[in-house]
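Engineer: After the structure tokens below, expect a handful of questions from me.
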Amino acid sequence: MPAFLTTQQALALFDGLPAVPLQAAQGAWRGEGMHTGHPLDGLLEACHWHGKRIDGPEHVHPLVFDTLSGGTVCVRPAGVRLGIAAVLRFPALKSRSVGRVVQALLPLLATRRSQARLRMVETRSRSSATIVYDRLPIHDALRQEDANTLLGLMDLKGLDQPLFFRLRRE
């Protein structure tokens with residue numbers, strides 16, 4: 001798989017993959033960005049994004065990050081809209097040094113409560129498991145690459161282009 005795809009290539013790949021049943025999406029997932037020229041490419045990685053944890057249809061942790069102490073923490077996506085707006089205006093905020101500061105602040109956003117739900121939602125003419133954030137207009141539609149790999153398409157209201165990512169089962 002190439003390290004960089006255009007949005008159109010990523011959409012074609014996404015459209016060609018089978019839907020994900022709800023049960024198949026459950027588990028702990030290691031995340032990685034798929035770079036398509038999106039203005040947010042690299043942001044999650046710079047902030048030490050670990051992945052997602054799906055405990056069940058009502059209990060989803062969409063943002064799991066690596067901590068400075070070597071563990072992981074589930075965070076509330078409360079500042080996501082503000083952070084995205086700042087990065088879109090000042091792309092230099094995606095730097096590793098800023099990401100390290102964000103990583104140090106993660107305990108302030110830590111939560112044990114789920115922040116999303118898992119639902120079957122139609123995206124691009126196919127219904128598939130989708131992470132629906134509780135308090136943000138974000139849907140992460142999932143498609144099955146193989147038994148242990150999912151391709152995700154983040155649809156955030158207000159952004160013209162989807163952000164793509166991969167999840168690998170831990």
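Here, each number is a calculation from the coordinates, and none is a lab measurement. As the structure is a prediction and not an experimental result, all values here were calculated from the model. Because the Cβ atoms are built from the backbone with ideal geometry, glycine has one as well, and the counts that use them run over all protein chains shown.
Engineer: Under the rule of at least 5 residues apart or a separate chain, name every residue whose amide H is placed under 5 Å from the amide H of residue 50.
Structural biologist: For residue 50, the qualifying residues are 64, 65, 66.
Engineer: Could you work out the local net charge near residue 15, counting Lys and Arg as +1, Asp and Glu as -1, over the other residues with Cβ closer than 15 Å to its Cβ?
Structural biologist: Cβ neighbours under 15 Å give a net charge of 0.
Engineer: Moving on to the next point. Residue separation times 0.36 nm, minus the C-alpha to C-alpha distance between residue 134 and residue 119: what's the value?
Structural biologist: Values: separation 15, 0.36 × 15 = 5.40 nm, distance 1.19 nm.
Here the answer is 4.2 nm.
Engineer: Taking 0.36 nm per residue of separation and subtracting the Cα-Cα distance, what length does fully extending residue 76 through residue 12 add? Please report the intermediate quantities before stating the final value.
Structural biologist: Numbers: separation 64, 0.36 × 64 = 23.04 nm, distance 3.17 nm.
Using 0.36 nm per residue and subtracting the Cα-Cα distance, I get 19.9 nm.
Engineer: Per DSSP H run of n ≥ 4, the term is -39500 (n - 2.57); total these for the chain, divide by its residue number, and report the mean residue ellipticity at 222 nm rounded to 500 deg cm²/dmol.
Structural biologist: -7000 deg cm²/dmol
Engineer: Extending each Cα 7 Å along its Cβ direction at residue 55 and residue 111, get the distance between those two points in nm, one decimal.
Structural biologist: Here the modelled spin labels are 1.3 nm apart.
Engineer: Using only Cα atoms, what Kirkwood radius does the stretch 7-169 have, in angstroms? Could you put the intermediate results ahead of the total?
Structural biologist: Details: mean 1/r = 0.0631 Å⁻¹.
One decimal place: 15.9 Å for the Kirkwood radius.
Engineer: Ordered by residue, what ³J(HN,Hα) values in Hz, to whole numbers, does the stretch 85-92 give under the Karplus form 6.51 cos²θ - 1.76 cosθ + 1.60, where θ = phi - 60° and Gly and Pro are x?
Structural biologist: 4, 5, 5, 5, 7, 10, x, 4
Engineer: At what distance in angstrom do the alpha carbon centres of the stretch 1-43 and the stretch 78-134 lie from each other?
Structural biologist: Computed from Cα coordinates, the inter-centre distance equals 15 Å.
Engineer: For the stretch 8-17, take each phi angle, set θ = phi - 60°, evaluate the Karplus expression 6.51 cos²θ - 1.76 cosθ + 1.60, and give the result in whole Hz per residue in order, putting x for glycine and proline.
Structural biologist: Values per residue, Gly and Pro as x: 5, 5, 5, 5, 5, 4, 4, 5, x, 8 Hz.
Engineer: Say a paramagnetic label sat at a point 7 Å from the Cα of residue 104, along Cα to Cβ; which residues of the stretch 74-97 have their backbone N under 18 Å from it?
Structural biologist: 93-97
Engineer: Another one. Using θ = phi - 60° and the Karplus relation 6.51 cos²θ - 1.76 cosθ + 1.60, list the HN-Hα couplings for the stretch 38-44 in order, rounded to whole Hz, with x at every Gly or Pro.
Structural biologist: Rounded to whole hertz, the list is 5, x, 9, 3, x, 5, 4.
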